[in-house]
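I have placed the structure first, in the form of structure tokens, so that the comments after it can refer back to it.
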Amino acid sequence: MIKRLFVASLFMLATISVGAQTDTTRSRTLEEVSIQQRKAEGVSRMGGAQNGTEIGQDELFRAACCNLGESFVTNPSVDVNYNDAAVGARQIKLLGLSGQYVQMLLENLPVTLGAAMPYQLGYVPGAWMKSISVSKGASSVKNGPQSITGQINVEYLKPDEEPGLLLNIYGDSRLKVEGNAMGNIHLNNHLSTEVLAHYERDFMHMDENGDGWHDSPNVNQLHLQNRWKYQKGRYIMHAGIGYLQEEREGGQLLSFATNPYRVLLDSRRMDAYMKHAYLLNREHNTNLAFFATGSLYDLDGTFGLKSYADRQQSLNAQLVLEHDFNDSHNLSTGLSFNADLMDETLSTVNLQSSTLEYTPGAYAQYTYKPSYKFTAMAGLRADYSTLYDRTYVTPRLHVKWVPADWMTLRVSSGKGYRTPHALAENHYLLTSGRTLVDSVTRQEEAWNSGLSLAFYIPAGDRTVTLNAEYYYTDFINQAVVDYDSDPTSIVIADLDGRSFSHTAQVDATYDITEDLNILAAFRYNYVRCTYDGRLLEKPLQSRYKGLVTLSWKPMLALWQIDLTLQLNGGGRIPAYIDADGTLVNGEEFPAYPQLNLQVTREFRHFSLYVGGENLTNYRQPNPVVNAANPWSATFDPTLVWGPVHGIMVYAGIRMNFWKI
């Protein structure tokens, strides 16, 4: 049924797009006057009640930023780490917790992940992104109940921007090559379209520590999107379709063993979306909007002798009505519907599972803003899950207060729910020689509360911006990945006990001169979870992080030099059995530094950049446990806590061809 709905939505998109092209009138404008904006701003604070930041292209261009996973190099709040050394699974960590508790949005439309979760960060090309919004804590109820520790919304380049063609070509010392093309054209005064294209491929099989294993998989990815915008009078329409195909090859090097342990993954995704909005009343900004997005995702994986396949079909629809009663009172209400069908097969246990969940929901969100000094946003939504046969209520509250021009206070509290797909979201654990056990039966549920303070302190003729924040997350139920109860197994089970996270962060930014900026930050995580009746520190999690970034733009900003230094604190390694059969328990990993540098030279229609990552050359000594015996029960490539690569240098060019 979902597939038929998805096909129907594709047909609607095509019909709307063709119909929108009937207006062929085209005006001519003077070419002597041209105002262009190549890049958005760098980093700015969110202006509303929610605590968060807006990351623009200027900030994204401070690093190679090949994909979303590499966009947070200079961000003090978000960590991105490898989950394993075999399939290259990467995950965001926010407020000391894993990325599944961060709701991912693409232009304010929910992104359904499932089996795509370990690779989703690599599915968003950096060159396509216009900006990223990162909000912390339980976010707005508009987009669903899934946000527990935060929300990340990615905005792509728009079809109606200045017509032209952008190209980005990248290569590095590991023989990874990437190309991006972004082109748009205005068909008439009302209709514009764009094509986004991305291709990347790894040509070298890297094994820096000589253990016979790929340090990370070789990726071959093609990603295409066609997007449209139509605007006339009070009506606006956005629509688009996309296709992604990716192959990953990891595991033992073919030249290292006569019977190598290979890891092969083949992913394919088709997606489509549409947004329709109509302004009913200009005076009160009353508007009615309908959003819909659908996706088909297929994954076929081979992990040695194990095979895993996932077929996921998803559909999300929202009907939203917003109204400003006056300048101080705003009400947003909406209805939502979500459908997920997931078919999984796993060879080792002859598993053939089919899970179907329909989730209708409704919400109301009220915003009170009597002046710029005070904003309160209260939201409440109710959803019903056919999978769990229950209705659950999600309350959330955000308050912003500006008691003085030099200080801003924000507080928030709210609940979050999510449906865990334990095997799909953690299928990379199949690379381990341990037995993988999935016994999750309940929905995840947690409370999150936070407090943040922003100070604007005069320092000479400039201002120091100082932020201090604290967040507490308390789980009522959680899908717990347990390494410690049985060193021969990895058990994913419902929480039996307590699980919580305390996170405190302080960061400061200062413009030393007009062309020299510095950011310094420190964050401490105190994360505990119950494993086999014992409340233990969450494993493979750094206890703290220190960050210093410098950005220098000399010679009228024709040059830009960016330096980023990180210090990642130590943490706990879960129990495991070493190659000689010895039980290793209570082991810890040390703190380690990382240094990144990039130099950019701007020209009129293009820019050149060269850089290096992990210039301290720190690597986790043995990311693969018992690498010489991958067919044994003690083999484990999933205990990754640090960098698996040493020094890497890269170069690239960004080209701008305007006025097609």
* Applying the selection to region 319-339, what residues are over 17 Å from residue 48 (Cβ atoms) and not β-branched (Val, Ile, Thr)? -> 319, 321, 323, 325, 326, 334, 335, 336, 337, 338, 339
* State whether the residues of region 270-280 include one that is under 30 Å from residue 347 (Cβ atoms) and in contact (Cβ under 8 Å) with a residue 12 or more places away in the chain. => yes
* Kindly list, by first and then second residue, each pair from a residue in region 424-447 that is under 15 Å from residue 307 (Cβ atoms) to a residue that is surrounded by fewer than 19 Cβ atoms within 10 Å (Cβ to Cβ), limited to pairs with Cβ atoms under 7 Å and residues at least 6 apart or on different chains. => 430/306
* Structure fact -> Only one of (1) surrounded by fewer than 23 Cβ atoms within 10 Å (Cβ to Cβ); (2) in contact with a helix residue (DSSP H, G or I) (Cβ under 7 Å, 6 or more places away or on another chain); (3) under 17 Å from residue 614 (Cα atoms) does not apply to residue 81, and that is (2)
* Asked: Which residue pairs have Cβ atoms closer than 9 Å, lie 6 or more positions apart in sequence or on different chains, and pair a first residue in region 578-598 that is within 23 Å of residue 637 (Cβ to Cβ) with a second residue that is acidic (Asp, Glu) and surrounded by fewer than 17 Cβ atoms within 10 Å (Cβ to Cβ)?
  -> 584/578
* Asked: Of all residues in region 277-297, which are of a type outside the set (A, V, I, L, M, F, W, C) and buried (at least 18 other Cβ atoms within 10 Å of the Cβ)?
  -> 287, 293, 294, 295, 297
* Pairs only if they're at least six apart or on different chains, beta carbon under 6 angstrom, first in region 635-660 and within 22 Å of residue 96 (Cα to Cα) and among the small types (Gly, Ala, Ser), second at pLDDT 90 or above and in a strand (DSSP E or B); list them, first residue then second. => 642/592
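On the basis of being modelled with pLDDT under 95, of a type in the set (Asp, Glu) and over 21 Å from residue 66 (Cβ atoms), does residue 208 make the cut?
No: the conditions fail for residue 208.
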* Given the conditions (1) surrounded by 18 or more Cβ atoms within 10 Å (Cβ to Cβ); (2) more than 24 Å from residue 277 (Cβ to Cβ), report the number of the one that residue 373 does not fulfil. => (1)
* Could you tell me which residue of region 589-644 is farthest from residue 173 (Cα to Cα), considering only residues that are of a type in the set (Val, Ile, Thr) and part of a loop (DSSP other than H, G, I, E, B)? => 634
* Asked: Residues 598, 566: which one is farther than 23 Å from residue 623 by Cα, at pLDDT 95 or above, under 26 Å from the mean Cα position of the chain (by Cα) and crowded, with 17+ Cβ neighbours inside 10 Å?
  -> 598
* To do: Test residue 320 against the criterion of being of a type in the set (Val, Ile, Thr) and farther than 23 Å from residue 439 by Cα, and give yes or no.
  => yes
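Each row is one residue, and each column tells you yes or no for (1) modelled with pLDDT under 95; (2) crowded, with 18+ Cβ neighbours inside 10 Å.
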{"residue": "503", "(1), (2)": "no, yes"}
{"residue": "519", "(1), (2)": "no, yes"}
{"residue": "543", "(1), (2)": "no, yes"}
{"residue": "555", "(1), (2)": "yes, no"}
{"residue": "561", "(1), (2)": "no, no"}
* Structure fact -> Quick count over region 511-546, residues being part of a loop (DSSP other than H, G, I, E, B), acidic (Asp, Glu) and in contact (Cβ under 8 Å) with a residue 12 or more places away in the chain, is 2
* Looking at region 477-487, is at least one residue within 26 Å of residue 49 (Cβ to Cβ), at pLDDT 95 or above and buried (at least 17 other Cβ atoms within 10 Å of the Cβ)? -> no
* **Enumeration of residues in region 617-648 that are β-branched (Val, Ile, Thr) and buried (at least 17 other Cβ atoms within 10 Å of the Cβ)** => 624, 625, 634, 638, 640, 644
* To do: Kindly state which strands (runs of 3 or more DSSP E) lie completely within region 356-444 and contain at least 1 residues that are in contact with a helix residue (DSSP H, G or I) (Cβ under 8 Å, 6 or more places away or on another chain) and β-branched (Val, Ile, Thr).
  => 390-404
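The values are calculated or read from the model by the stated rules, or taken from the named source; none is laboratory data. Since we're looking at a predicted model, the values are computed, not measured. Methodologically, a virtual Cβ is constructed for each residue, glycine included, from the backbone with ideal geometry; neighbour enumeration extends over all protein chains shown.
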